[in-house]
6 protein chains.
Amino acid sequence: MPYVNIKITREGATSAQKAQLIQGVTKMLQDILGKNPQTTVVVIEEVETDNWGIGGESITERRKRERK
Amino acid sequence: MPYVNIKITREGATSAQKAQLIQGVTKMLQDILGKNPQTTVVVIEEVETDNWGIGGESITERRKRERK
Amino acid sequence: MPYVNIKITREGATSAQKAQLIQGVTKMLQDILGKNPQTTVVVIEEVETDNWGIGGESITERRKRERK
Amino acid sequence: MPYVNIKITREGATSAQKAQLIQGVTKMLQDILGKNPQTTVVVIEEVETDNWGIGGESITERRKRERK
Amino acid sequence: MPYVNIKITREGATSAQKAQLIQGVTKMLQDILGKNPQTTVVVIEEVETDNWGIGGESITERRKRERK
Amino acid sequence: MPYVNIKITREGATSAQKAQLIQGVTKMLQDILGKNPQTTVVVIEEVETDNWGIGGESITERRKRERK
């Protein structure tokens, strides 16, 4: 019965990729810890790049620098 | 001063239902644990069905199967 | 299939009170939103009073002031 | 390597304000706890006023009362 | 730069299992979404069985029923 | 009425440091966003180094490497 929360920036993850992630993480918890997949919950949250910071700057700013 | 985070799939919960939930959970924490309702915070997050998985599949896929 | 996270300060909530909370919140989500209780997950987290702040001060400090 | 999650109501915080918040919190964790800013993650989540409750009522309702 | 939070009940997961989980989830996010593993954060939280509810009852109660 | 959750590894943060963090973050939200400090909640969670991963390895392993 694990609960997994995955936060990523909203940069175009597709439904297929998210389905793959849900399936993969659920299976991994079964394989490594023996957790019942039927009650494993995975919630993916997509966050605007303005709202995500690392190293003291937002991803929006970081992406701009990287593009230069 | 409890903090309650309720995550549900985004499938049409109304403002009235959410107000009822906020009121009900706040009262429950007062009744069961004696918590001060004035500082009880309730945050409801609505998550796309593509982004919620249980049993290794997304709710989008599950709803499709159920409809058949 | 909701997921509910309840954070409270660690100040002696009993197993019976926590069981009541789990049962009550699960039922409330069924009554108000029609959610299936079988897949409703409730996780209670108890946080040291040193680690919880409101109004800019920790609950440890607030409890000291209240006792005076 | 701290992880900071800031939840606020969605009431018009600007990109500049959010950038300031990311920078400020990252620096504060470095100053007070000596944490490496390069791996400090800050995630800001903006929540609809219907979905945020305090004192048993939603912020939407509270704002209406305050305006009167 | 994803952030992953895994909550499980505290029922004896070993350091080796947790290390495997951290490695596996980080790799999965790289493989499926192309995320940089260097800034992927994984936080595992272990929750007492009294504090985890599913189907309206705590895991403590569920484990008792299962043992009978 | 913001809610701030700060997760750090459990590596000896003192009560005084945590009080400073609570005060600082609350003031920052008031200064930058005009948020009312009386209803700003800050919750600090300290996580075992075994349970925190970055770059695909746990902090326990990383600290060992660094010490060499």
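The values are calculated or read from the model by the stated rules, or taken from the named source; none is laboratory data. The structure presented is a predicted model; accordingly, all values stated were derived computationally and were not measured. Don't worry about glycine lacking a Cβ; one is built from the backbone with ideal geometry, like all the others, and counts go over all protein chains shown. Calculation scope for accessible area: heavy atoms of the full protein, side chains included, ligands and nucleic acids excluded. Shrake-Rupley method; radii C 1.70, N 1.55, O 1.52, S 1.80 Å.
Structure summary
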| quantity | calculated |
| --- | --- |
| Residues that are under 21 Å from B:Met1 (Cα atoms) and open to solvent by 30 Å² or more (accessible area, probe 1.4 Å), drawn from the stretch C:1-27 | C:Arg10, C:Glu11, C:Gly12, C:Thr14, C:Ser15, C:Ala16, C:Gln17, C:Gln20, C:Gln23 |
| Strands (runs of 3 or more DSSP E) enclosed by chain B - at least 2 residues per element that are among the β-branched types (Val, Ile, Thr) and more than 7 Å from every other protein chain (Cβ to nearest Cβ) | none |
| Residue among C:Asn36, C:Asn51 that is farther than 13 Å from E:Trp52 by Cα, among the polar types (S, T, N, Q) and surrounded by fewer than 20 Cβ atoms within 10 Å (Cβ to Cβ) | C:Asn36 |
| Filter result for C:Val25 (under 10 Å from the mean Cα position of the chain (by Cα) and more than 26 Å from F:Met28 (Cβ to Cβ)) | no |
| Pair list, Cβ under 6 Å, 6 or more apart: the stretch B:50-68 residue among the β-branched types (Val, Ile, Thr), other residue open to solvent by less than 10 Å² (accessible area, probe 1.4 Å) | B:Ile54/A:Val41; B:Ile59/B:Thr9; B:Ile59/B:Trp52 |
| Breaking point among (1) among the basic types (Lys, Arg); (2) at pLDDT 95 or above; (3) closer than 30 Å to A:Lys35 by Cα, for B:Arg65 | (2) |
| Scope the stretch C:33-55; condition within 14 Å of B:Val4 (Cβ to Cβ) and either in contact with a Phe, Trp or Tyr (Cβ under 7 Å, 6 or more places away or on another chain) or among the β-branched types (Val, Ile, Thr) (or both); matching residues | C:Thr40, C:Val41, C:Val42, C:Val43, C:Ile44, C:Val47 |
